[in-house]
Amino acid sequence: MSGSNTGQLYGRMDLNGNVTLEDANGSIVTRIDADVQPVDSHQSAREEHPDGITLTRSDAAKLGVVLEGM
């Protein structure tokens, strides 16, 4: 697990169209320095999310997340 405040973010889209964040090594991202709120969370992405961060596709696009297979 990792936090990320610099570098490129990558993502895998789930069946609901949401994007789970990963770093360049394929590790899940548990915290980012961005003004977004993960799906199904009441906390900012700046807080630790031990199970990883999942964003809406729109929020992922705003952050420049590179989607797997696209």
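If you take the residues of region 21-43 that are within 20 Å of Leu67 (Cβ to Cβ) and among the charged types (D, E, K, R), which of them is surrounded by the fewest Cβ atoms within 10 Å (Cβ to Cβ)? Quick ask: steps written out before the conclusion?
Restricting attention to region 21-43, the residues satisfying the condition of being within 20 Å of Leu67 (Cβ to Cβ) are 21-30, 32, 34, 36-40.
Narrowing the set further to residues that are among the charged types (D, E, K, R) leaves 22-23, 40.
Working: Glu22: 21, Asp23: 17, Asp40: 7.
Filtering first and then ranking leaves Asp40.
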Scan of region 20-66 for residues that are over 9 Å from Leu9 (Cβ atoms), assigned to a strand (DSSP E or B) and touching a residue at least 40 places away in the same chain (Cβ under 8 Å), ordered by number:
Thr54, Leu55
Restricting region 2-19 to residues that are in contact with a Leu (Cβ under 8 Å, 6 or more places away or on another chain) and part of a strand (DSSP E or B), the residue that is modelled with the lowest pLDDT:
Ser4
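The values are calculated or read from the model by the stated rules, or taken from the named source; none is laboratory data. Treat the numbers as computed from the prediction; the structure is a model and nothing was measured. Every residue, glycine among them, receives a Cβ derived from its backbone with ideal geometry; neighbour counts consider all protein chains shown.
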